[in-house]
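Student: Before I ask anything, let me first share the structure, which is written out below as structure tokens.
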Amino acid sequence: MSRLNFTLEQEATGSRARAARFQTLHGEVQTPLFMPVGTQATVKGQTIHTLKATGSRVLLANTFHLLLRPGPEVFRKVGGIHRFMNWDGPVLTDSGGFQIFSLPGSRRMKEEGATFQSYVDGNVHLLSPETSIGMQRAIGSDIMMVLDQCIASTAPHAEAEAAMELTHRWALRSLAARGDSLQALFGIVQGACHPDLRKKSAEFLRGLPFDGLAIGGLAVGETPAERYEFTGMVTEHLPKNLPRYLMGVGTPLDLLEAVHRGVDLFDCIIPSQLAQRGTVFTSQGKLHLRRSVHKFSEEPLDPQCGCQACREHSRAYLHHLVKADELLGWHLLSIHNLAFYHGLMREMRASILQDAFLPFYERMRTELARTDSENPSVTPKPARIFHYPRCGDYEIHPAGTGGFNSVRQISSGEVMHSVNRPEDEANRLYVEQSFLAGRLTAAGVPGEELVVWDVGLGAATNAMAVVRCFERCQAEAGTGALRALRLVSFECDLDPLRLAARNAGYFPHVRHAAPQAILAHGHWTHRSGGMRWELAQGDFLECFAGAPPPDLIFYDPFSFKTDSALWTAETFARIFQACAPKPAELYTYSASTAARVALLRAGFFVGEGVGTGPKAETTIAFTRAESAAAHPRAPRLLGDDWLTRWRRSSAKVPAALSSEARTEAEDRIERHPQFAPASKGL
């Protein structure tokens, strides 16, 4: 029996719109209903008093973000989210499935759950059906959501079907994890834009003891027309005696169309997000408060609205706040947008109860599509197009809110260090993980030269991280106490470095004499004489044979797509031979199975490297097994779990190999000493 005591009050004539009510642990809910998004246990820019004043009844909070901060221990100590944020109304918690979908580069999906790296402290977490429900129980929400695998709504059939089946298995585990909790639990219908999958998913979930059912996987790539079509398609297969929730949708027009198709509950960040940009919904159409037409207007935002923004302030004042980027402007416009949403939902409910929804729908679908009819936009003059500086096939690529810039190859579209601050990734992935500073200052080896290969000079981010590390060590320990350092950078195209050096204002790391010397002379020596940086210009496969054997290899060429020849087993085997006189370690950003297989086939011992930015793992490779055991970080070599996953792969080795070569390559992996019983302790 449902924990919500759901009552269907009225269904509209000529429409599937419906009015209902249900009881939660913190009060009654009347539908149709919009839920403001309070991701971090707060709706951005609002207090509980302003939320109640707008008509907010149920808030949404997010399990993923609250798991990372403040964490389950806080909620258990204070007694749940209601006491924590002083909210006495119902709360619905999303499971974190959409957030996992939003981080494709930093999570690994498997049957157990999703492994991802925290954006708060860098720690790796597992979000499984059990941990998600456990966190939601600690939060104490009135309605919990099962963990689902959300994918793009435009995903191909096979991918959508696999994600749907995983969502179904996780739904069963979520029900089991809920146990005897009095909190309600909703299942989530998936299946992307494939009618057979949506029907199959709805039929599977309606046979389970859920307290409500949600429609997930929309508003993630499809057109509005497709969204409306699939919303109606799903509600046809949902039971009438449970609430229906369309996740993450949408505009006022989206809500009207979905209610027409039988949906009860909604959430979306649009009211606050558009308010931050200076945009509001009104009875006169959508207004953009940044427009100068409002600069002298003493009118209220919306003469038919009684919210605080409309009662107390003119458009001129709100225009000023928006143009000045004042937080008060965001706050007031959010109040108005939320009030508009809640007012629209109340009007829809009243029209359903009066059995007058269909004419209301026909009228409002036109009104909600209006723009500012009194002040129509004029076509602006063509703006002068700004291009970021270029050099050859490369251009500066701004990273937006991250506050750093990268270099983009125009022909391939690939960006060097596209997500993380380049200096941060260079330090964490290469300099810190290799313990470069410790090797330079290690006692007993001051006369032994340390050789570092920098494969893929690019804009010299990694090389300059090495230079800065040497200079810090020299300042702290003195030149005589350091090992001599020889850095060899390999690059066939110097245009990325030329671009960065000519535009040092965009790239702080090149504000140093060394990059200019490399471009002018091909080498640079530190004034102490303790470090020499050399450039090996040309094809790496032709250059590295003449380079001194390395101790460390920072392997940072472009991806397999762009530099495929540098990611083959044959190339890694040649590198392995070049390292032969002494043990060497290779560090790379890639954690792909193909790269790791190529390294293993070449003879390297391969382990899991630190995560960096959105990457949950990188890769470390050793020419000798004992080097892995002696490494200060004690990295975990790939083991039986990786080998088992590799055996199940449909692309264990490159498809281009002949049948005989494929068998030999697979046998080489199976017989690698890394996977032998004697190596398990490494």
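Please treat every number below as a calculation from the coordinates, not as lab data. Not measured: the values here are computed from a predicted model. In this analysis, Cβ positions are derived from the backbone assuming ideal geometry, glycine residues included, and neighbour counts consider all displayed protein chains.
Student: Kindly write out, for segment 329-340 in residue order, the coupling ³J(HN,Hα) from the Karplus curve 6.51 cos²θ - 1.76 cosθ + 1.60 (θ = phi - 60°), rounded to whole Hz, with x marking Gly and Pro.
Tutor: Per residue, the Karplus-derived 3J(HN,Hα) values read x, 4, 4, 5, 5, 5, 4, 5, 4, 5, 4, 5 Hz.
Student: Which peptide among 276-282, 388-394 comes first, and what is the full order, when sorted by highest mean count of other Cβ atoms within 10 Å?
Tutor: Result, highest mean Cβ count within 10 Å first: 276-282, 388-394.
Student: Follow-up. Quick one: grab the alpha carbon gyration tensor of segment 532-658, order the square roots of its eigenvalues as a ≥ b ≥ c, and give me rounded if a/c is under 1.5, else prolate or oblate depending on whether a/b is larger than b/c.
Tutor: It is oblate, given that a/c is not under 1.5 and a/b is not larger than b/c.
Student: Hey, another quick one. Considering only C-alpha atoms, what is the centroid distance from segment 542-559 to segment 209-260, in Å?
Tutor: Cα centroid of segment 542-559 versus Cα centroid of segment 209-260: 54 Å apart.
Student: Taking 22 Å as the cut-off for C-alpha to C-alpha distance, list the pairs among 199/240; 582/615; 44/295; 110/652; 110/615; 200/240 that go past it.
Tutor: Checking Cα-Cα distances, 582/615; 44/295 exceed 22 Å.
Student: So, by mean Cβ neighbours within 10 angstrom, what's the order for 664-675, 22-33 with the highest one leading?
Tutor: With the highest mean Cβ count within 10 Å placed first, the list reads 22-33, 664-675.
Student: Provide Rg over Rh for the chain; use the alpha carbon set for both Rg and the Kirkwood Rh (inverse mean inverse pair distance).
Tutor: My calculation puts Rg/Rh at 1.03.
Student: Report the local net charge at residue 180: Lys and Arg +1, Asp and Glu -1, summed over other residues whose C-beta lies under 12 Å from its C-beta.
Tutor: +3
Student: With charges only on Cβ, +1 for K and R and -1 for D and E, what is the dipole size of segment 417-638 about its Cα centre, in debye, rounded to 20?
Tutor: Using Cβ point charges on Lys, Arg, Asp and Glu, segment 417-638 gives about 300 debye.
Student: Rg and Dmax of segment 417-638 over Cα atoms: what are they, in angstrom?
Tutor: Taking only Cα atoms of segment 417-638, I get Rg and Dmax of 16.4, 45 Å.
Student: Still on this structure: Tell me the net charge near residue 477. Cut-off is 14 Å between Cβ atoms, residue 477 excluded, with +1 for each Lys or Arg and -1 for each Asp or Glu.
Tutor: Residues near residue 477 contribute +1 overall.
Student: Hey, which aspartates and glutamates would be in cross-link range of residue 77, C-alpha to C-alpha under 20 Å, not counting anything within fewer than 8 residues on its own chain?
Tutor: Those aspartates and glutamates meeting the cut-off are 88, 142.
Student: Work out the P(r) tail for segment 1-121: percent of alpha carbon pairs separated by more than 26 Å, whole number.
Tutor: Beyond 26 Å sits 36 percent of the P(r) for segment 1-121.
Student: Highest mean first, how do 598-609, 41-52 rank when packing is the count of other Cβ atoms within 10 Å averaged over residues?
Tutor: By packing density, highest mean first, the sequence is 598-609, 41-52.
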